[in-house]
Amino acid sequence: MEQSLNDADAIMAGILADADAEAARLLAEADEYAAQAAARAREQAATLAAEAAAKAEGQAAAIVAEAEAKAAIERRKRSLLSQERLAAGIIERAVAEVAAMAGAPGYRDVLLAWITEAAIGLSAESAAVNASRADLPLIDDAMLRVAEGAALKATGKATSLRRVDGDPVLGQGVYLTADGGRLAYDNRAATRFERYRADIRRRIYTALGAGKPRS
């Protein structure tokens, strides 16, 4: 009986020892799993933080690039607007200076040059010459004959010019209409300077940006 009890105690002690060992093993496994989980969590957190930082950096870079692009566009628009205003101001001053020439000595020669230029540009067999209310009385047959001769010399093509009676055009300068009314050459002062606008722009670009439009 006593031997049986001893055997039972030994078996129980063995079972308990095995239980302790199994418990220790399970505890070690749990500790190891917990450590590995913590490491994975830290790694995932670091990865997410790096991804978030990269994303934030990319977003910040995109925002900066967009802002810089918008600023460049705005600078370009302001530069072009300033250049257009400058070109318009130059034309306005030129028109004003030509207007101040009216009535001065030599102004008839200016009208003659404008008529000749328009006759050459129109290149018609015959045309009516119109002008502003102030300029029209200064144009006579003698002036028109001189203009016809100059146009013939320049082009080799004869043209007949006559002054209109009444119904003057608005604006300083001359306006020629070919007989039949299908072709016309506007050589009024404002129109002449508008034709020079492209060249004026180029000159402004050259002055402001070494030959290139400013951005």
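Readers should treat all values here as calculations from the given coordinates under stated rules, not as data from a laboratory. On a predicted model such as this, the values are computed, not experimentally measured, just so you know. Here the Cβ is made from the backbone with ideal geometry for all residues, glycine too, and neighbour counts use every protein chain on show.
Some observations on this one:
- Contour excess over end-to-end distance, with Cα ends at residue 202 and residue 101 and 0.36 nm allotted per residue: 33.7 nm
- The stretch 59-180: antiparallel DSSP beta bridges as a percent of all, rounded to 5: 55 percent
- Each Cα pair of the stretch 71-212 feeds into the Kirkwood radius, which the Stokes-Einstein equation turns, at 37 °C and 0.692 mPa s, into a diffusion coefficient of 196 µm²/s.
- Simple label model, 7 Å out from Cα along Cβ direction - residue 85 to residue 56, nm: 4.2 nm
- Electrostatic bookkeeping for residue 91 treats Lys and Arg as +1 and Asp and Glu as -1; over the other residues with beta carbon under 9 Å from its beta carbon, the sum is 0.
- Charge dipole (debye, nearest 20) of the stretch 68-186; +1 at Cβ of Lys and Arg, -1 at Cβ of Asp and Glu: 560 debye
- Positive-pole candidate from 52, 114, 62, dipole of the stretch 45-143, charges at beta carbon: 52
- For the listed peptides 70-80, 116-126, a ranking on the average number of other beta carbons within 10 Å per residue, highest first, reads 116-126, 70-80.
- Note on residue 33 and residue 125: their simple-model spin labels are 11.0 nm apart, each label 7 Å out from Cα toward Cβ.
- Of the trypsin sites (Lys or Arg not before Pro) in the stretch 112-159, the ones in a loop by DSSP (not H, G, I, E or B) with at most 16 other beta carbons within 10 Å are 133, 157.
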